[in-house]
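Laboratory data are not the source of any read-out in this text; all were calculated from the coordinates shown. Since this is a predicted model, take the numbers as computed values, not measurements. Quick reminder, even Gly has a Cβ in these numbers, built from the backbone with ideal geometry, and neighbours come from all protein chains shown.
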Amino acid sequence: MPDRLDPGVIIASLRAAFTGAEPPEDLLQQLGGWDAVQAVAPTLVDDPLLLPVTALLARDAYAAAGAGEDLEALRPAATAVAAAVLDTADPGIFASGVDLFCGDGILSRVAGEPIAARCLTLAAPPTGEEHGLTEASVVRRAVALEGAARLAVSGRGSKNKLLGLLEDVLEPQPRRYAQAVARTVAMAFDHWSPDDEVADVIDILTGVTSPSYDQAPGREVLTRNEEFRKDAAPDAEWTLANVAVAKALRLTTVADICVALDTALEHLATVVALDDRDDAELLRATVLLLRKLLSSLPTGDGPHDAATWDIELADAQALAARATEFTLDRHGLNHWSGDRKVAVLQGWSRFADDLAFLGDQLTRDSLYAASVVLDDITSIYSASRAYELTTGTHEAQNVVAVIRPAIASGFAARAGLLRHLVDHTDILKGRLANAEGTDEADDLRARLATAEQVLEAAQASFATPPEPSGKPPEQAAKLPPLLADLLGPVPAVAEALGGVPEEELGRLAAGIADLQAATALDPDVIVTATRKRMLAALASAEDFRDDVVPAVAAVLDQLIKFVRQRLNSQESWKGYQFDPDANEHDLHVDLYEWLCQGQFGSFTNVEVQEVGAGRVDIQIQFSGFHLYLELKVDDTAVPVDGKAAYIRQTASYRASDVRIGFLVVLRMTPPKDKSPFEHLTEYVSHTTVPIKGSATERHVVMLEIPGNRTKPSSVR
């Protein structure tokens, strides 16, 4: 069909189809498939039509991937569109096209390698090129450099060639390109562990290191360099501050961390002096507080001396409280690679709450306080630098990968684990106090004894210098991975746990992991998308308004995280999920423990009588209303939305309360033929229940937990 693959015919059809609304689902098929896109792409260079064609390509690539089609079939089309984007001189079209390819999981997988290679050739410093200093040239080169960096982070292109390109920067650069260089340096330290020399290019941008010329530069070049140097200074200092923080979060000793934090504070002071940046003020106050807390650790773990940090505490609280009042700019905490503002601002809000808590807890030991602050800083840091790859466009932005900073080891990560261990131990103490005289008391007492023994070892490990590598592995105690991360740098301390039963250590690790997941600042993007889908379904509920909205959102968040965590649980952590004889009580205990460890601890009740003329499994109290959870175990193959009796029972508890309820089902029927379990999104659904004689429906959110599980190695 030669006429259908004629570029002119295809372009005319495209212009007719792009009316501002969503293009027809079969538009690509009407045009001639991927071959049509490949044929028309070279004619779209510098044409505004290029961007909607790229979006169409991304949309249909997502549909093809979802249908299980061979993505190799679209590679020529994707490569042709990418080439057209990279040949485009218009900086706006160029930037938008590169951003789409770099941020889309499927397109970057199919065409990422050639795009990365081409971006490196386009990203040469503008000052060394003829006509390189025009605005369009500077923007294109900067975008190309950032594109190469983003692709390198996701494993496309050469990391070494990217870092090698920075060595070609021999003199100050225009601000937009200097920003791209600074962001690339910051990204390298966020996600990798490069040599310190990688940051030397920052000194060239700021004039700290004199440029090297074969012959004496003219007055015009000297004047230009001075202008560029001043323009680059705020971004350069901000980058150096964040590089120092990135290093600090990976270090293993308090002394080394303090040195890195001192460096960060020096650069942050310069940023504040040069530029009015609230994010720099926030980070500076936080780092200063952390520095003071860490410096108190070598003197012991006794009570705080409030005089040593009260001033900084008040300042940091005031700044953190202001965090929601301003928007972080593109050069601040949200990095360039994804809109993480909500998570970052949530982090500052939590930090303010934690500081207020610590201000009332001066009898807490310094190590716990430092761990809380360091964990908050690490969470904000990680959330602000996470790099998202999406599939799908327009209405459906489905995140398939989140590339987070490489901070999985070192003092900071261990401090976060210590914080959760202390909190988990406190939760066990509270539960034991309430359970004395019951059948549960002995089990809680054993769990608390294990937690306290591990906590004592953990606190000792933070006060002990890490031992040199090379210790024979047989000398170290066998620990669950999470506890090994906490105690690993000091094997001799871990030895003290040699007499603790492995089963008890596994249960403790599972409890800490649950607390870590339940309180995570940066929620899993699939959890977030699932929660939003449920909230959208509940929007039509009569009672979904005012204070009910945040309450339902909070409960949804915890329940979806619970399902996510149980989808990933191992048999050694949650054995009942692998037990063919598991019952409702097992689910009841597990979910109740999950809810009690978080924000609903003192508001969660079980087996509440006289609710809807019956007894409800779990009740969560709010001011003026309650939300109810009905729990079931089911061994049939009938989908949960087909379990009318379960759904009606769940709805019946809303006779005199908010008409929104939750049904949680432990599914004991394994997948057929030992196939893999379904995706998280398929375990959370919604339905409505009409009530005879009433015009108002009741809403039920249904969540399923897989039971009678097999190990992944048994899946075929």
Worksheet item: For N583 and E495, FRET efficiency with R0 = 45 Å and r from the beta-carbon atoms, rounded to 0.05?
Response: 0.70
Worksheet item: Extension gain H679-L222, at 0.36 nm per residue separation less the Cα-Cα distance, in nm?
Response: 158.5 nm
Worksheet item: Could the peptides 175-186, 623-634 be put in order, highest first, of the mean number of other beta-carbon atoms found within 10 Å of their residues?
Response: 175-186, 623-634
Response to the item:
Dividing the mean separation of Cα pairs under 8 Å (6+ apart) by the residue count of region 80-204 yields a relative contact order in percent of 24
Discussion item. Per 0.36 nm of contour for each residue apart, how much would the distance between E436 and E130 grow if the chain were fully extended, relative to their Cα-Cα spacing?
Written reply: 102.1 nm
Discussion item. Along the Cα→Cβ direction, 7 angstrom out, place labels at A460 and A67. What is the inter-label distance in nm?
Written reply: 6.3
Response to the item:
For region 26-108 (alpha-carbon point model, no solvent) the Debye-based log₁₀ I(q)/I(0) at q = 0.13, 0.17 Å⁻¹ works out to -0.35, -0.60
Worksheet, complete the sentence: Quick note on F603, F351, F94, ordering by fewest other C-beta atoms within 10 Å, gives F603, F94, F351
Practice prompt. Arrange L482, L240 by Cβ neighbour counts within 10 Å, fewest through most, would you?
Written response: L482, L240
Worksheet item: Given a Förster radius of 60 Å and the C-beta distance between R75 and K692 as r, what FRET efficiency does 1/(1 + (r/R0)^6) yield to the nearest 0.05?
Response: 0.55
Practice prompt. Lys and Arg at +1, Asp and Glu at -1: add these up for the other residues within a Cβ distance under 14 Å of S623 and post the number.
Written response: -3
Worksheet entry | E22/E542 FRET efficiency (R0 45 Å; Cβ-Cβ; nearest 0.05) | 0.90
